[in-house]
Amino acid sequence: MQSSFISKKFTGPSSSVRINVSEPCVYFSRHALSWEAFEPVSKKWMNLPMLNADEVFQLSDKESMAAGTELLVLGKDLFGQTIHKYSLSTNSWSLGKKMNTPRCLFASACLGKTAIFAGGVDESGKTRDTVESYDSETGAWETLPSLIKSRKMCSGVIMDGKFYAIGGSGGKDGKALHCGEEYDFDAKKWRHIPNMSPGGGTGSMAPPLLAVVDNELYAADCLFMKVNKYNKVKNVWENIGRLPERADRYGWMGNRFQGMWGSGDHRWWA
């Protein structure tokens, strides 16, 4: 499940007159090649064209990120790491330009037309501190200052206009990282934040399940079925409620923290 804000341009009687309207869009994948998009404002579903990829890509682990009017699906095909790119403006798929340092299991988040990817594991299996940004308007990758700590299986969010890489594991022994790192886009510097991770991202555990709503950070604790909120002043996590039973997916939509569960063609939101 991925979400982004779509910037739509409407043309009036004069081609020089344009009105920009931003609407949220949420992407869902039923299986490797089939995607849907949902617009909460209009409450409309749209089936995306089938993604055309080889069998290796279909069977490999994949990660996705929405930025601007594009959806990126990152995985591995017969020739190595690859990116399939969906364009909402053309309603079509194409191959995207590879990262400067191709990798997986990274932290990622979107800020408008730009997506940020931090850390992860490269093709040799090495845990990286590499950070890159992707511009959905130009299709270009830019290498940013490296993380303070190499990490994988971490989570990324945008909060208060800054990018955060949180939790995961790193080091030669792959131990859990309980810290987070904050990237200031203006200063182009990272700041270490101890004890920012709510847990997860080691062994068979999924990366921390995080969402930001109104610049507040939330985490889903699947083990104890709880929702926790991060106190930025005290640098602690505080419990604020419980998750619904069988909440299989988590994320944000508009100004709400969402949980989704169900099977087949049936979906439920909370």
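Coordinate-derived values only; no laboratory data. The model shown is predicted, which means the values in this text are computed figures rather than measured ones. We place every Cβ from the backbone using ideal geometry, glycine too, and count neighbours over all the protein chains shown.
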At R0 = 30 Å, FRET efficiency that the Cβ-Cβ distance of I148 and D214 yields, to 0.05
0.60
Can you pull the semi-axes for region 49-117, root of five times each eigenvalue of the Cα gyration tensor, sorted largest first, whole Å?
19, 16, 9
Does region 82-219 come out rounded, prolate or oblate by the C-alpha gyration tensor, with a ≥ b ≥ c the root eigenvalues, rounded set by a/c under 1.5 and, if not, prolate when a/b is larger than b/c and oblate if not?
prolate
Restricting things to alpha carbons, tell me how big region 18-149 is in terms of Rg and Dmax, in Å.
15.1, 48
Using a 7 Å offset from the Cα along the Cα-to-Cβ direction at both K62 and R30, what is the distance between the two label points in nm, to one decimal?
1.4
